[in-house]
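Taking it in order: structure first as structure tokens, then the write-up.
Read-outs: derived from the displayed coordinates by stated rules, not from any lab. Remember, it's a predicted structure, so these values are computed and weren't measured experimentally. Glycine also receives a Cβ, built like all others from the backbone with ideal geometry; neighbour counts cover every protein chain displayed.
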Amino acid sequence: MKFNILRSKTPGHLKSFDPPTDVFQVLHMDFWGPVRTSEQGNRYLLVLTDNLSKYVIAKAMPNNTAKAAAEFIMVHGAPERIITDNGVHFNNTLMKNITTMMRIAHAFSASYHPQTNGQVERFNATFCTQLSKYYDENKDDWDDYLQSVIYAYNTGSHATTGFVQYELAFGRKQKSPFDPTSDNFTLSQPDAIYKHLIKARRIILKQAQANIRH
């Protein structure tokens, strides 16, 4: 099976911006596909990548319309900025109305440095390779394995930040079904522990910013 990645780019003046100060402030959005229709009727994958943590959210979809993209943004909340390519599924009146209503700055990657939206495209390319390992030509069931692949990606260490995506995004380790349980666990001095966690998270996020710059 051949996997394609939508990449609609137009020339523009190159510019860049510093990494955000917190997670989910700046999101990259891209469509992956089309592929042969799955048993569930899906041909595309819509991918959101957090600029700072590199955490990925993805959903299989039957089409790559402006309506699908706009609804995906509304489900996952409003970032300060969203970066997409200049394809018609992102550059349209509906998206403009949604981003204006939610006070989201919508930037097009064609106007930025080439790597600006490259991280989501690199993930898509990696995703194609990983998902194709599970793909059954006879069953068209690639979307059945979607969340397993996303989970594996988000719980691995990212080469750019030097940290695990999930831990940067949520400030804690991802709980695994294989982790030992503790029925008697209690927090002593919860306020102090909470303050310590917040401080530690700030330090980690600053280090991730520095790693991205270099």
For segment 45-59, in residue order, the Karplus 3J(HN,Hα) values (coefficients 6.51, -1.76, 1.60; θ = phi - 60°; whole Hz; Gly and Pro = x) are 10, 9, 10, 10, 10, 6, 5, 7, 7, 6, 5, 10, 10, 9, 9
What ranking do Thr37, Thr155, Thr99 get, fewest neighbouring Cβ atoms within 10 angstrom at the top? Thr37, Thr155, Thr99
Want the number for Ala105 to Arg81: 0.36 nm per residue separation, take away the alpha-carbon distance, what's left? 8.2 nm
At a Förster radius of 22 Å, what calculated FRET efficiency corresponds to the Cβ-Cβ distance of Thr129 and Thr160, to the nearest 0.05? 0.75
As an exercise, use a Förster radius of 25 Å and the Cβ-Cβ distance of Thr65 and Gln25 to find the FRET efficiency, rounded to the nearest 0.05. 0.45
Sites Tyr151 and Arg172 - FRET efficiency at Förster radius 22 Å, r taken between beta-carbons, to 0.05: 0.90
Along segment 154-169, what does the Karplus equation 6.51 cos²θ - 1.76 cosθ + 1.60 (θ = phi - 60°) give for ³J(HN,Hα), rounded to whole Hz, x for Gly and Pro? 5, 9, x, 6, 8, 5, 6, 8, x, 10, 6, 4, 4, 5, 5, 5
